[in-house]
Amino acid sequence: MEPLVKNETNLTRVGLPRNVLLDRAEEVAESHLPWAWKLFPFTVFILLLTGSYSTWKYATILFPVAPTSPRSVLVIFSVALLFSVGVMVLLVVFIRSYLSVLKTSKALYFQNQMFSLITEGENDGVWDWDMVANKIYFSPQWNDMLGYRQTTMSDDPNEWFTLIHPEDLPSFQQALQLHLERRSAVFHSEHRVRTVSGDYRWVLDRGHAVWDKNNKALRVAGSTTDISNLKEVENVLHGKTEELEQVNETVRREKVKDEALLTSIGDGMIATNEDGKIVVMNPQAGKMLGKDIASSLGKFFAEVLPIEQNEKEELLALGDRPVIQTLVQGIRITKVSYLFRADGTKFPASVTSAPIFLEQKIIGAIVVFRDITHEKEVDKSKTEFVSLASHQLRTPLSAIRWYSEMLSSEKLGPLNEQQKSYLKEIYDSNKHMVELVNALLNVSRIDLGTFAIEPEPTDFKEVAENVLHELFVKIQEAGMHVASSYEEGLPKVNADPKLVRIIFQNLLSNAVKYTKKGGNISLAISKDAQNLHIKVSDNGVGIPANVQSKIFTKLFRADNARIVESEGTGLGLYIVKSIIEKGGGAIRFESVENQGTTFYVDLPLSGMTAVSGAKDLA
């Protein structure tokens, strides 16, 4: 059968492409038509003479006597004229019809070629099924798509059906039947087709039928598109979709676990984004702060979490708040502060702020806070008890020291060597107990906030030299070398001399205790525009790296320090740090185990602020 569409150019017998021949035929017809009209009178005259002569001759044949009457001549002339005009009109009609046929053929051929080019450009195969003759045509692109170029498909539709995958054939036939019965607008089927190599390729068939007046399908034409790559993408997407669903399910489960965890923990928890706005708040946080969780979400954290440094001070500056420091510096911070409830009351809390990282970028912070009111009350009770017990111990200890000194003076009678030795043991133990009691009293006064600060112009160099003089005997016995350095022009600073003495006593006595015989100790005091700087260094046992974070806590002593010096309260550095920070300064240290330690103290030249209290530090 002849296909509806062919992609090759048919050649005529003269070897010209069909479209060129049509163009020339059209040009000839169009050029002859005007001439036909111009020659119309002349042609009519010639045809009139010819017709008259022919009629005359015909009449003489029919009638032996030639018609000579005017009427006969008129009749003959009229017949000839009608004949001539009729022939001319037929000629013109023929030329015009011929030209119309040429134009129509050319238009159809152009459309045919255009459709072929579009089909080739789309790489789609075209098929045309004549259902009356039960023959089907497949375009070259269709054969190329499936590899049947060398073994061209036959025109039997049943062979086409055998190429369709058995699993897909029922759906293909159902879609085709629905369209042939005019129950679907177009024929549409996605299925697998066997290629010449035996494997299967996914294709999309689309087509449309032509019916007669009785709704009987006469012809179905359509296209075949290779969708194998699309199907591969769909399979990948389907697999990814399943993976995504599994991930989503995992995320949902983890979210439920996280929500249960946040609900069950007793501490308040608030999570912020990188801008400091609250994104998560657990029920305990809302309960502790007296805040509605829904209305708190999206607000800046400072609106929901006002914070004070302690019970007596103003609100912390925004830059000093743990959340801001965490978001800016990316560090974990823990502070004991006071938080405000919605009703204006406040409570002590341990506040920890930690950063949230995503690909080494800070995307938010987690703030966990715990109400430590009970701990504060217990600690206060404990401190008060220690203070009371220490006070009660000082009286008998003072009596023991007084009697020991009196006996040692031998005013009550001479003592033998053994008795003197026993008295010295009593005196030394009593002295150690007095130092411990004084240290406990100092700690209790610091914790209770009852110790006084009475600043006066103080010469730090003089205080340091006095402490070194008190330690001279121990330094000399250990064969240590002490180097002191004081910047010229050191001013007197408005500070409490008793507290300054405690600072030097602890730092220098520790350097002497924990430096081996023959070691080196250095003391330096300098200043800048704002601060007085104190530096105490030694080459002693040092502080192990794993315990350096605990060095300023109460009752802590490192293991290597216990070996070198068994006696010690573990309270000295806690007291020093408390005094320095209360005076507006700061203390830090650097230490390497078995190499030595250096303490750095910075105190403002503006001096300490006076604080009225019930007791001075001992």
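Taken over the range 269-283, the criterion of being at pLDDT 90 or above and more than 22 Å from the chain's Cα centre (by Cα) is satisfied by no residue. With respect to (1) among the hydrophobic types (A, V, I, L, M, F, W, C); (2) within 58 Å of the chain's Cα centre (by Cα); (3) not in a strand (DSSP E or B), the lone exception for Leu468 is condition (2).
Mind listing whichever residues of the range 317-355 are β-branched (Val, Ile, Thr) and not in a helix (DSSP H, G or I)? Correct list: Ile331, Ile333, Thr334, Val336, Thr345, Val351, Thr352. On the given criteria, is Val512 under 30 Å from Asp559 (Cβ atoms), free of Cβ contacts under 8 Å to residues at least 60 places away in the same chain and outside any strand (DSSP E or B)? Considered against the rule, which asks whether it is under 30 Å from Asp559 (Cβ atoms), free of Cβ contacts under 8 Å to residues at least 60 places away in the same chain and outside any strand (DSSP E or B), Val512 comes out as yes.
Among residues of the range 274-291 that are over 28 Å from Glu359 (Cβ atoms) and free of Cβ contacts under 8 Å to residues at least 40 places away in the same chain, those with a Cβ under 7 angstrom from a residue that is in a loop (DSSP other than H, G, I, E, B) and open to solvent by 10 Å² or more (accessible area, probe 1.4 Å), sequence gap 6+ or separate chain, pair up as Gln284/Ile265; Gln284/Gly266; Gln284/Asp267; Gly286/Asp292. Taking the criterion of being touching a residue at least 12 places away in the same chain (Cβ under 8 Å), within 19 Å of Val500 (Cβ to Cβ) and part of a loop (DSSP other than H, G, I, E, B), the residues of the range 522-568 that qualify are Gln530, Phe552. Taking the criterion of being closer than 16 Å to Ser197 by Cα and either modelled with pLDDT of 90 or more or open to solvent by less than 50 Å² (accessible area, probe 1.4 Å) (or both), the residues of the range 126-161 that qualify are Trp142, Asn143, Met145, Leu146, Gly147, Tyr148, Met153, Trp160. Residues of the range 467-486 being in contact (Cβ under 8 Å) with a residue 40 or more places away in the chain and within 16 Å of Gly540 (Cα to Cα), which ones? If the condition is that a residue be in contact (Cβ under 8 Å) with a residue 40 or more places away in the chain and within 16 Å of Gly540 (Cα to Cα), then Ile475, Ala478, Met480, His481, Val482, Ala483 are the ones that fit. Scanning the range 555-579 for residues that are surrounded by 20 or more Cβ atoms within 10 Å (Cβ to Cβ) and among the β-branched types (Val, Ile, Thr) returns Ile575, Val576, Ile579. Tallying residues that are basic (Lys, Arg), over 19 Å from Gly147 (Cα atoms) and either in a strand (DSSP E or B) or modelled with pLDDT of 90 or more (or both) within the range 173-215 yields 3.
Is it the case that the range 311-331 has a residue that's more than 14 Å from Phe369 (Cα to Cα), at pLDDT below 85 and surrounded by 15 or more Cβ atoms within 10 Å (Cβ to Cβ)? Within the range 311-331, one or more residues are more than 14 Å from Phe369 (Cα to Cα), at pLDDT below 85 and surrounded by 15 or more Cβ atoms within 10 Å (Cβ to Cβ). If you go through the range 181-222 and keep only what is open to solvent by 30 Å² or more (accessible area, probe 1.4 Å) and closer than 19 Å to Tyr137 by Cβ, you end up with Val196, Arg206, His208, Val210, Leu218, Arg219, Ala221. Reported count of residues in the range 469-505, each being of a type in the set (S, T, N, Q) and loosely packed, with under 13 Cβ neighbours inside 10 Å, is 2. Looking at the range 237-257, is at least one residue at pLDDT 85 or above, open to solvent by less than 50 Å² (accessible area, probe 1.4 Å) and not in a loop (DSSP other than H, G, I, E, B)? No, the range 237-257 contains no residue that is at pLDDT 85 or above, open to solvent by less than 50 Å² (accessible area, probe 1.4 Å) and not in a loop (DSSP other than H, G, I, E, B). Checking every residue in the range 297-309 against the condition of being part of a strand (DSSP E or B), modelled with pLDDT of 85 or more and more than 24 Å from Leu261 (Cα to Cα) gives at least one match.
The values are calculated or read from the model by the stated rules, or taken from the named source; none is laboratory data. Here the structure is a predicted model, which is why all the values come from computation and not from measurement. Note that we place each Cβ from the backbone using ideal geometry, even for glycine, and neighbour counts take in every protein chain shown. Just the protein is used for accessible areas: all its heavy atoms, side chains included, with ligands, DNA and RNA removed. Shrake-Rupley method; radii C 1.70, N 1.55, O 1.52, S 1.80 Å.
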